[in-house]
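Please treat every number below as a calculation from the coordinates, not as lab data. Quick caveat: nothing in here was measured; it's all calculated off a predicted structure. We place every Cβ from the backbone using ideal geometry, glycine too, and count neighbours over all the protein chains shown.
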Amino acid sequence: PEINTLECKGCGRCLDACPKQVLSLGHELNARGYRYVIYSGSGCIGCANCFYACPEPHTFVIHKPTR
């Protein structure tokens, strides 16, 4: 997934929704003062659970992996 860190408010819903546990809450703050979610860099299966669990529009963009 691509994560728009400016839109993320660190609510953690995507963390709970991810079946592969490839998301985590970072330690840095975005420009709005929230800790934001980061992607581990590998392991995403493109299920889009994070996209649907997130209450903030435009935070996640999901790219389906090619086989």
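Other residues with beta-carbon under 11 Å from the beta-carbon of Arg35 carry, at +1 per Lys or Arg and -1 per Asp or Glu, a net charge of +1. What does the charge count around His58 come to, taking other residues whose C-beta lies under 11 Å from its C-beta (Lys +1, Arg +1, Asp -1, Glu -1)? Result for the local shell: -3.
Here is the short version for the chain: Cys8, Cys11, Cys18, Cys44, Cys47, Cys54 have no other Cys C-beta closer than 4.7 Å.
Dipole magnitude for the chain: about 140 debye, using +1 per Lys or Arg Cβ and -1 per Asp or Glu Cβ, origin at the Cα centre. Considering only Pro55, Gly43, Leu15, the residue lying farthest towards the positive end of the dipole of the chain is Gly43, judged by Cα position with unit charges set on Cβ. Cys8 sits among other residues whose Cβ lies under 10 Å from its own Cβ, and their net charge, with Lys and Arg +1 and Asp and Glu -1, is +1.
The base-10 log of I(q)/I(0) for the chain, evaluated at q = 0.25, 0.26, 0.28 Å⁻¹, reads -1.11, -1.20, -1.37 [Debye formula, identical scatterers on Cα atoms, solvent excluded].
Each label was represented as a point 7 Å from its Cα along the Cα-to-Cβ direction; for Leu25 and Ala48 these points are 2.7 nm apart.
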